[in-house]
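Presented below is the structure to which this report refers.
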Amino acid sequence: MKRNAKLVIALIITLITLLSSILIQPCYADSDDDYSILEYNIYAMVLENGNLYVIEDLTYQFYEDMNGLVRNILYSYSGNDTKDNMEPTSSRYQAEDIQNFYVYVSDKPGVDNLQAVHYARSAEIGDDGVYTLSKINEKDKQGYGIKVYSPVKAGKKKYVSYEYEIVNPCVKYNDVGELYYNFIGGDWEKDIGYASVNILFENEDISFSDVKVYPHTYAEQITSVGEVEGFLCFEVTNLPANTAVDARIVFPKDAIPDAEKVYQENYNYQELEKIEEREAFAKTRNKIANYSYLGLVIVATIFFIYIIIKAKHKVKGIRIKERKADYDRDIPNRLPLGEYSTILYHSLGYTDTRLFLATILDLVNKKVLFMESKKKEKKSALTKVEYDYHLKLNPEIKELEKLEPYEKVVLNILLESKVDEQINRNELENKEVELNESLKKFSKSQANKTKFQKLSGEYAKEKNKKIYENKDKKIKKEFFIGCFIFILIFLIIFFIVSPLKFAAKDYILIIGGMLAFFYTLFGYIYIFNILELPKEEYLEDYKQIVGLKRYLKDYSKIKDRYPMEIALWDDYLVFAALFGIADKVSKEIKEELVKQGYDDNYIYMTYPMICMSHESQSVTGYVSNYTGTSSGGYSGGGSGGRRRPEVEAAEPSKRK
């Protein structure tokens, strides 16, 4: 995939992820679409003794087979140290207990279809028609956990009704009565399509005109309070998960003549007004926070694109796109092979498996090593012919110490199965190994593989520092300053602008922090790769190696292509291996030989580099497996065919 395509995809994924994770409220415990809540109707009757009798009717839609339902019903939301005042979390409004539980379920709508679910001390998955209760008694919340055992199939609806009585939630003053109750808790894991809260009084003489209801929620849509079918009702649509709905209700004191929670004082309407103004402002703050998150994401994305465009403009004319590079047929020979790998693959240069294979071919090409193909014995007449590649040191090579350190390490791995930068001629001379067996022997020591990986990393770091430089450090500085500002703004929105308590929005901090980290990391890596280019003295090498890569990749597509010179075949194969296209280039060369009348057997036996390159994909995987990076295997395969003409093979050239 091209660089620009990667950028576009990455930006789209980043933007979608940020928007969906921050602006769409996620579920804490269950993020799968296993069920949804279509409708949630609450009917609450204020009893004359100050208790609150509640009936909840819920309509569930299930998308997976499930064994029942779990939920919590709380009667107290504050800790022991809460002050006694008119604040929503005041101890004044906390109830004492819940009693008289009843649970009903049905697969069909309508009160007449509900079937009672009976209480059981314990139950197991698969049971039907029972429910269990467990006490919730934590510092900041008290209540009961209910498990309803009623299996349901995917694609079905379930109608569930809970009935219970809240003990002493109402407060009686000298002049009025009051109820402050959290009708829908903020711990629901699913969005709720539609919810309604319906209020009435046991004392039927209470006129709704004398009742004031102050509902509170951070949901966007909530209808005003009004009388509907004998209830004082307000509705909420599209209630996000983890979003509570509570209400303060002020009514005539005659509604609760027998209430136990009595305050010998008149109701403080001035304090009520202040609190309600603060609640309204808090909702506005929540809306501002949500839009601020959205704005922050958009601005951050625009900033990110701006920085990338600026970085690309800075290196315009210097960075070469492979598809636009000029073809270059010349064999690069100014630098060691590992440094060309660094130019191509940046910091991965010496750790790239392709370099290992290319170095083996290069050592053969420079006649440091002799490579010989040997036909393996066929297991049956139906199996194809396979070949092994045998390697040994050229005894006429005198100056082994002039080899590059990486080349020495590869030699020692092949011939001695050890990682060493020092060459001991006496140990290597007169030793012949088969590539497969040599690497297999090397791989038996995890210490060897670890040492090779470490050494390759050190070479990569050293050469990367030598060859590359940053073309504009100011742009990277701008990027980091921008990221710092965006993170700071996010924290201000989270801790100052948003009115939600930490427990209700901690997921935003977690997700926002993770996204900020990956956003910054991705941006740094991408911008770093754009701005990091070879130094001035390596720019010609950079152009040459990219041009050669394009030439070899496009060789078969070039209309007026030059025939590859026989004397340069092995040189091309070395770089083709470095580019990861040795199989493709060797196929072109092999076709030339086939046109001249050579059969597979002759090609495999006479040109082992061509054959090894032809199997380069599997060879590279096999090599990486034994050097500790990936897995694979190889074998050289061929079959007999036409007779070859009696001509001598040309000698491969030496690359300086």
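Structure notes:
- Spin-label proximity, Val111 to segment 169-203 - amide N less than 16 Å from point 7 Å beyond Cα toward beta carbon: 198-202
- Gained length - Ile481 relative to Ser91, 0.36 nm times residue gap less alpha-carbon distance: 135.8 nm
- Calculated FRET efficiency for the pair Lys465/Arg425, C-beta based, R₀ 35 Å, to 0.05: 0.65
- The ranking of Ser586, Ser443, Ser209 from fewest to most other beta carbons within 10 Å of each one's beta carbon is Ser209, Ser443, Ser586.
- Environment charge of Gly185, counting only residues whose C-beta is closer than 15 Å and scoring Lys/Arg +1, Asp/Glu -1: -3
- Subtracting the Cα-Cα distance of Asp254 and Lys324 from 0.36 nm times their residue separation leaves 16.5 nm of extension gain.
- Between the beta carbons of Gln446 and Lys156, assuming R0 = 51 Å, the FRET efficiency works out to 0.40 to the nearest 0.05.
- Within the shell of other residues whose beta carbon sits under 14 angstrom from the beta carbon of Thr284, the net charge comes to 0, with Lys and Arg scored +1 and Asp and Glu -1.
- Restricting segment 32-95 to GluC sites (Glu not before Pro) in coil, as DSSP defines it, with at most 13 other Cβ within 10 Å: Glu64
- Look at Thr237, Thr243, Thr301 and count the other Cβ atoms within 10 Å of each Cβ; fewest to most, that gives Thr237, Thr301, Thr243.
- Neighbour counting of Cβ atoms within 10 Å sorts the residues Ser207, Ser292, Ser438, fewest neighbours leading, into Ser207, Ser292, Ser438.
- The stretch between Met605 and Glu229, if pulled fully straight at 0.36 nm per residue, gains 125.8 nm over its current Cα-Cα span.
- Kirkwood-based Rg to Rh ratio, segment 34-267, C-alpha trace: 0.97
- The loop-placed GluC sites (Glu not before Pro) in segment 180-275, going by DSSP, that have at most 12 neighbouring Cβ atoms within 10 Å of their Cβ come out as Glu204, Glu229, Glu265.
- Taken along the Cα-to-beta-carbon direction at a fixed 7 Å, the label points for Asn266 and Glu163 span 4.1 nm.
None of the figures in this text is laboratory data; all of them are computed from the coordinates on show. Not measured: the values here are computed from a predicted model. All Cβ positions, even for glycine, are placed from backbone atoms using ideal geometry, and neighbour counts span all protein chains on display.
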